[in-house]
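Colleague: Take this structure, written in structure tokens, and hold onto it; I'll ask about it next.
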Amino acid sequence: MRANNLVAIPTTRGAYRIQPADGAASQPTRIGSRGAEGNQLVTEVVRLKSIVATEALETLRPLVSKQGSITSNRNANSLVIVDYADNIRRIRSLVGEIDRDSAASTIITLKNAGAREIATSLQALAAQGGGEGLRSPVTVVPIDSSNSIALRGDPGAVSRFAQMARELDKGAESGTEIRVHRLDYANAEQLLPVIENLLGNKGTGGSSAAVVPASGGEGAAAPAASSGGNGNGIASRGPSIVTRLEGTNAIIVAANPDVQRMIGELIRQLDTRQEQVVVEAIIVEISETLARELGVQWLVGGKDVPFAVTNFSNASPNIVDVAGGLLANQFDTTTTTTTNTATTTTTNSAVGDALRQNAADAVLSARGGFGGFATSLGGSAVLGAIINAVQSDSNSNVLSTPSLTVNNNLKGSILFGQEIPVSTGEALSNNFDNAFRTIQRQNVGIELEVTPQINAGDEVRMELRQQVSSIAGPVSDDFNELIINKREINTTVTVGDGEIIALGGLLDDNERRTIQKVPFLGDIPILGELFKSRGKSRVKTNLMVFIRPTILKDPNDARRFSSNRYGYVRDQQLRRNPDQEPSIDALVRDYLGTVPPSVEGRPDDQIIYAPGDMPAVRDSGVIEQTPLPASEPSGNQ
């Protein structure tokens, strides 16, 4: 059958189906080759222990007959083979010979050189020996905790690289060496005091050198130097000098290999890119104010007649001011001067003008509705009354969303507001004729100050201060010092990445009722209302502050966040002027000389502008351009 390109496929009840060998591998076959006849197609699963399935697949594929098939399973590191039973037994025997771990492993402990430096050199050398497309003969892994390197690979290569590592370590034993550590993310000025404390020298952290004396040398009696330099023997072979150069953000170390290795490892662990946190605050203040006032004012008086007035503080306009304006003409004085040729009459109305101006100001500043009357009581007596009524209802909804991006474990702040002058003192000169006042500037507005700390599980611990302040106005008409409304939250919270938490708030419902009345007369039933002034005010305030931190783990997160915020501003400008290029895009392109960032979710999103065309959006590789509406004709059209 095999010679005639036929194969027997087992079916139910012990029967076989005879079919061409081509394509038989895709039909149901027997599982396992044990006990199967040599010419029978079977399916075998070969599990590998040492070599990789994908590499074994390339080696064994030529050994499988053209009627069979072989595939690899990466997850289980195994091979699935469909072939004749005798060929599968031959392949399994071959796999047993090559699926062996013949690699050697060893660990070299270094005494003088740094593990990471030696490992980098040996890895570069091993990569050259492997050749293009070939596996490196040895793998080198640094172990920083024990200052050692682990070697694994071909036994001969491992032996050679181990010997090279020992020779390099021995060559670093003698003398003091100088190294310059150029920092990528850390600040040399802040890192230098840390290294000084580690070496036992309480330096100033400036550009001057921090020297740790050798054991038994001059200056060894200094407590700081002896504790850092001799306690662990790290400065037993010469002094250790650590300094920095301003403008280079670099740490310069002159020390023996032990100190060099310790400082190098410290810098490696501290000089890492910090994650960033975007802190967004939402401040919502909803307030409602309702005020009602109703009052009656009376005035009785006249020439040679006792006068009586009812005057209430919440009534406007004041009846005395209005009466003064009506009687202003009586305060004007007329002077007549007679000469030989003519008679001159002069009218002095200074007092009357002041009364009229005062009455006009009182009427113009009145609120709501008011009315009144004046009548004569006989003779020179006059009776007057004013009724005023006012109702005010105001609602306000203030929404602010300050946001701030800051590095992990660093303090950041942002302020949107003004600096206003606030008096702190006032004095007169010795002659009491030259008054002077001292003031200081105070920030008024929205201020956010935060220090984030990223914890395990992508939680952010924040020490923050949120303040919202505004100017309420002067204290009174006679005292012009300002009243400042201030709402401040100073707390520490822990929030998950991207979650919103209510930082704090205030629910305030303030109701105030006032009654001003004339004693005895105001207590008379019904008629007493004519001698009263009522006022009612109610202020409801709902203030809430929310906070939301977002962790920017890598530059991609930062670009995505910036693109979202940039896209929001650009979309707002497009909605206002859909036929014009957004000004923010023009500024980025013309002033910064770069391409505006794209919007998240549309990596190809980019606004393209052409002369005479409407801004087009590139979406999924398709560009659509719509002509601009016809504009006024010009010579270039």
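Colleague: Can you work out the FRET efficiency for the pair Leu587 and Thr424, with r the C-beta to C-beta distance and R0 = 41 Å, to the nearest 0.05?
Modeller: Working: r = 42 Å, r/R0 = 1.02.
FRET efficiency, Leu587 to Thr424: 0.45.
Colleague: Pop out the ³J(HN,Hα) list for the range 447-452 in order, Karplus 6.51 cos²θ - 1.76 cosθ + 1.60 with θ = phi - 60°, rounded to Hz; leave Gly and Pro as x.
Modeller: Ordered by residue, 3J(HN,Hα) equals 10, 10, 10, 8, 10, x Hz.
Colleague: Which shape class applies to the range 494-551: rounded if a/c is under 1.5, otherwise prolate when a/b exceeds b/c and oblate if not, where a ≥ b ≥ c are the square roots of the Cα gyration tensor eigenvalues?
Modeller: Numbers: a/c = 8.98, a/b = 7.94, b/c = 1.13.
It is prolate, given that a/c is not under 1.5 and a/b is the larger ratio.
Colleague: Using only alpha carbons, build the gyration tensor for the range 522-588 and give me the equivalent ellipsoid semi-axes, biggest first, whole Å.
Modeller: For the range 522-588, the ellipsoid semi-axes come out as 59, 22, 7 Å.
Colleague: Can you run phi through the Karplus equation (6.51, -1.76, 1.60; θ = phi - 60°) for the range 558-572 and list ³J(HN,Hα) in whole Hz, with x for Gly and Pro?
Modeller: Each residue of the range 558-572 in turn: 5, 5, 5, 5, 5, 5, 4, 5, 5, x, 5, 5, 5, 5, 5 Hz.
Colleague: Roughly speaking, to the nearest percent, how much of the range 393-546's 1.4 Å accessible area is carbon and sulfur? Please report the intermediate quantities before stating the final value.
Modeller: On the way: 5000 of 10220 Å².
The value for the range 393-546 is 49 percent carbon and sulfur by accessible area.
Colleague: Here's something else I'd like to know. For Val320 and Ile98, calculate 0.36 nm times their separation in residues minus their Cα-Cα distance, and state this gained length in nm to one decimal. Walk me through the numbers on the way to the answer.
Modeller: Numbers: separation 222, 0.36 × 222 = 79.92 nm, distance 11.56 nm.
Contour length minus the Cα-Cα distance gives 68.4 nm.
Colleague: What net charge is computed for the residues neighbouring Ser413, neighbours being all others with C-beta under 11 Å from the C-beta of Ser413, Lys and Arg scored +1, Asp and Glu -1? Walk me through the numbers on the way to the answer.
Modeller: Working: positive: Lys411, Arg465; negative: Glu447, Glu449.
After counting each charged neighbour, the total is 0.
Colleague: With labels modelled as points extended 7 Å from the Cα through the Cβ direction, what inter-label distance (nm, one decimal) is found for Asn510 paired with Asn397?
Modeller: 2.3 nm
Colleague: Per 0.36 nm of contour for each residue apart, how much would the distance between Arg437 and Leu482 grow if the chain were fully extended, relative to their Cα-Cα spacing?
Modeller: Details: separation 45, 0.36 × 45 = 16.20 nm, distance 1.50 nm.
So the extension gain works out to 14.7 nm.
Colleague: Whose amide H sits under 5 Å from the amide H of Gly504, counting only residues 5 or more places off or on another chain, with H placed in the peptide plane?
Modeller: Val545
Colleague: Hey, another quick one. Applying the Karplus parametrisation 6.51 cos²θ - 1.76 cosθ + 1.60 with θ = phi - 60° to the phi angles of the range 390-405, what ³J(HN,Hα) value in whole Hz is obtained for each residue in order, glycine and proline being reported as x?
Modeller: Karplus-based 3J(HN,Hα) across the range 390-405 equals 8, 9, 10, 9, 9, 10, 9, 9, 9, 10, 10, 9, x, 9, 8, 10 Hz.
Colleague: Arrange the peptides 445-457, 514-526 so that the one whose residues have, on average, the most other Cβ atoms within 10 Å appears first.
Modeller: On the way: 445-457: 16.8, 514-526: 12.4.
Ranked by mean Cβ neighbours within 10 Å, highest first: 445-457, 514-526.
Colleague: Oh, and also: How many nm separate the modelled label positions at Glu58 and Asp523, each set 7 Å beyond the Cα in the direction of the Cβ?
Modeller: According to this spin-label approximation, the distance is 11.1 nm.
Colleague: Normalised by the residues of the range 241-319, what does the relative contact order come to in percent, with Cα pairs under 8 Å and at least six apart?
Modeller: Working: 48 pairs, mean separation 11.9, N = 79.
Normalised by residue count, the contact order of the range 241-319 is 15 percent.
Colleague: Here's another thing I want to ask about it. With a 1.4 Å probe and every protein chain left in place, work out the accessible area per residue of the range 464-525 in Å², rounded to a whole number. Working shown, then result.
Modeller: Working: 4320 Å² over 62 residues.
On a per-residue basis, the range 464-525 sits at 70 Å².
Colleague: While we're on this one: Would you mind checking the range 522-540 for residues with the amide N under 17 Å from a putative spin-label position 7 Å along Cα→C-beta of Asn311?
Modeller: So the set is 532-533.
Colleague: Given 0.36 nm per residue, what is the gain on full extension from Arg367 to Ser78 after removing their alpha carbon distance, in nm? Please report the intermediate quantities before stating the final value.
Modeller: Numbers: separation 289, 0.36 × 289 = 104.04 nm, distance 9.11 nm.
Stretched out fully, the Arg367 to Ser78 stretch lengthens by 94.9 nm.
Colleague: Determine the relative contact order of the range 354-423: mean sequence separation of Cα pairs under 8 Å and six or more apart, normalised by residue count, in whole percent. Walk me through the numbers on the way to the answer.
Modeller: Details: 37 pairs, mean separation 13.5, N = 70.
Here the relative contact order equals 19 percent.
The values are calculated or read from the model by the stated rules, or taken from the named source; none is laboratory data. Keep in mind that this is a model prediction, so the values were computed, not measured. Please note: Cβ atoms are built from the backbone with ideal geometry, for glycine as well, and neighbour counts cover all protein chains shown. Note: accessible area is taken over every heavy atom of the protein model, side chains too, but ligands, DNA and RNA are not part of it. Shrake-Rupley method; radii C 1.70, N 1.55, O 1.52, S 1.80 Å.
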